[in-house]
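Note sheet for the following structure.
What follows is calculated from the coordinates using simple rules that are stated; it is not laboratory data. Predicted model only: the values in this text are computed from it and were never measured. A quick note on method: Cβ atoms are made from the backbone with ideal geometry, for glycine too, and the neighbour counts reach across all protein chains shown.
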Amino acid sequence: MNKTDTSQNLVEPGISSGSVAIVGAGLIGRGWAIVFARAGWKVKLYDLHVDALDVAKKEIANQLQMLVSHGLGSQPDLIMQKIHFESDLAAALTDVDYVQECGPEVLDAKQALFSELDQLSAPHAILASSTSGFMVSEFAAHLSGRHRVLVVHPVNPPHLVPLVEISPAKWTDPDITQTAYQIMSAVNQTPITVQKEIPGFILNRLQGALLNEALRLVQGGYVTPQDVDKTMRDGLGLRWSFMGPFETIDLNAPAGLADYAQRYGRMYHVMAASQSTPPDWDKSSVAGVDAARREVLKRDDIGQRQDWRDNRLAALVAHKSKQEN
């Protein structure tokens, strides 16, 4: 089915009841609400702060209209009706089979929150975290229901970038992992499975390797931050928007990947020696890069530029969908 088709309930029989609680109404929580609601699920979006829920209502409505403008959805009012806003956690967790946590990236807070989720949710409910960096073994080891906890890490914004990393702990029930994978497929995301726990999962480790090298090159005086962004935007990023690094090099040598490795492997091996020292991420050390960005984009204009990014992503998603079909 076309990933942009929002006209049907995509829940497969036996996978879920089609009702989800999303805990946290920030950027990620709002994106998840759109993901599930446009796939036909009943969504309960919870936040302790009523003001955050008011903002969420406005921002979700704006995003749905933006999706329609790019041909990525229809009937935004009907989708909006599937989202129920809750300021009571127990009420949000009632009669749901899947919970997507989007709380603060503070370990103590996440441990405490998952204790509540474990106590208040139905015993069979899957408890998934959107965390970008904490492993399940770090925040769920103390739970009696830890077998039903795993990481389901999205990319921001999840309603426009479909990749989801599913990372269980060694004690997570394999059936829970499989069901989470099926649910993500059912709501039109693109799931991958992290075969064993590792800090940062897969996407952030790949992104981190590139960011670390970018910072090393800038701090070493080899290139400006603006030209690094150009290199990605008008170079690597064009290919990487529709194929991965292994397929890229497989197509960049006459006889494929092994041929590429034979031709260029030594070059990458030599470069790796100079990439082994982490760059300096201290505030004072990145001040120059931040200053370069502020010359291009004033801090007060970041929100507006985020809207621009979302529109560009939507246009790219629409284009890719058209090309794939």
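Things to note:
- Over the chain: helical MRE at 222 nm, DSSP H runs n ≥ 4 each giving -39500 (n - 2.57), nearest 500: -15000 deg cm²/dmol
- Of the trypsin sites (Lys or Arg not before Pro) in segment 142-219, those whose Cβ has at most 11 other Cβ within 10 Å and which sit in DSSP loop: LYS170, LYS196
- For segment 19-193, the relative contact order comes to 21 percent (Cα pairs under 8 Å, sequence separation of at least 6).
- Charge tally for GLN81 (other residues, Cβ to Cβ under 14 Å; Lys, Arg +1; Asp, Glu -1): +4.
- Computed about the Cα centre, the dipole magnitude for the chain is approximately 780 debye when only Lys and Arg (+1) and Asp and Glu (-1) carry charge, each at its Cβ.
- Percent RCO, i.e. relative contact order, over the chain, from Cα pairs under 8 Å lying at least 6 residues apart: 15
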